[in-house]
1. Between 84, 62, 13, which is over 30 Å from residue 113 (Cβ atoms) and in contact (Cβ under 8 Å) with a residue 12 or more places away in the chain?
2. Say we look at the stretch 9-49 and pick out the residues that are modelled with pLDDT of 95 or more and among the small types (Gly, Ala, Ser); which of these is most open to solvent (accessible area, probe 1.4 Å)?
3. Look through the stretch 147-166, keep the residues that are among the aliphatic types (A, V, I, L, M) and either in a loop (DSSP other than H, G, I, E, B) or out of contact with any Lys or Arg (no Cβ under 9 Å at 6 or more places or on another chain) (or both), and return whichever of them is farthest from residue 15 (Cα to Cα).
4. Residues being without any contact (Cβ under 8 Å) to a residue 24 or more places away in the chain, in a loop (DSSP other than H, G, I, E, B) and more than 19 Å from the chain's Cα centre (by Cα): count how many of those fall in the stretch 94-114.
5. Report, ordered by the first and then the second residue, all pairs with beta carbons closer than 7 Å, sequence separation of six or more or different chains, a first member in the stretch 45-59 that is over 14 Å from residue 131 (Cβ atoms), and a second member that is open to solvent by 90 Å² or more (accessible area, probe 1.4 Å).
6. For the stretch 105-148, which residues satisfy the criterion of being open to solvent by 30 Å² or more (accessible area, probe 1.4 Å) and β-branched (Val, Ile, Thr)?
7. For the stretch 170-196, how many residues meet the condition of being under 15 Å from residue 105 (Cβ atoms), open to solvent by 90 Å² or more (accessible area, probe 1.4 Å) and either of a type in the set (A, V, I, L, M, F, W, C) or not in a loop (DSSP other than H, G, I, E, B) (or both)?
8. I need the full set of residues from the stretch 53-84 which are of a type in the set (Ser, Thr, Tyr) and open to solvent by 30 Å² or more (accessible area, probe 1.4 Å), in order please.
Amino acid sequence: MLTLAEIAEEPLVLTHHLDLSSGARVVFRPLTHADCERLACFLEGLSPESRRLSTFGGYGIVAARELCDAIARYDKLRLVLEEVPSSRIVGLLELGLALTPSDIARYGEAGIDLTELTDCRFGPTLADDYQGRGVGTLALPLIRDVARKLGRTRIILWGGVLADNARAIRYYEKNGFRPVGAFVGTNGSLSLDMMLDLRPMP
């Protein structure tokens, strides 16, 4: 089983190349300390709508520096999608290995017992010009593989998915996530919990 420290020491263990139908090519790899400025450009370039759907603590160099400084220090693995040959970051894919009490409570009400031994959280964000181009579908099998290498057998959505985000819901359903329940977030918005089971079907 891989550890976050091992991944930070040898990022190539999770590095892959993806070819889009448009002919574009992107690299799927772990976030590194050298990515700080490029990550800041990615965050700054997100539109207001993308920021509504994927919230971060900030959208500039300070937030990017915090994310890079957190590499292998806490419970999160962050991967990026890097455009070739520009080296521009066009996606940030987050896996959280710790669960929040609210996650555990909501899923418990739905009859699902979450545990940090088997479950992780997933949250993807794509640059506006890369949304709807199929890169998320190409990246998801790699996310499944990463979760398995980290010893996880189920993936839940990080903070759920907003109920009015029809495109994201279709994407998750197409890729094997099933709805678990609905909840109202702290901002009053309705969101859906969804889960992907990585275990073989009986």
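The values are calculated or read from the model by the stated rules, or taken from the named source; none is laboratory data. Computed from a prediction, not measured in an experiment: that's the story for all the values here. Cβ coordinates were reconstructed from backbone atoms using ideal geometry, including for glycine residues, and neighbour counts include every protein chain displayed. With ligands, DNA and RNA removed, areas are computed over all heavy atoms of the protein, side chains included. Shrake-Rupley method; radii C 1.70, N 1.55, O 1.52, S 1.80 Å.
1. Result: 84 is the single residue among 84, 62, 13 that is over 30 Å from residue 113 (Cβ atoms) and in contact (Cβ under 8 Å) with a residue 12 or more places away in the chain.
2. The qualifying residue most open to solvent (accessible area, probe 1.4 Å) is 34.
3. 163
4. Residues meeting the conditions: 2.
5. Qualifying pairs under 7 Å: 57/66; 59/44.
6. The answer is 115, 118, 137.
7. Going through the stretch 170-196 one residue at a time, the tally reaches 1.
8. Once the filter is applied, which keeps residues that are of a type in the set (Ser, Thr, Tyr) and open to solvent by 30 Å² or more (accessible area, probe 1.4 Å), the stretch 53-84 yields 55, 59, 74.
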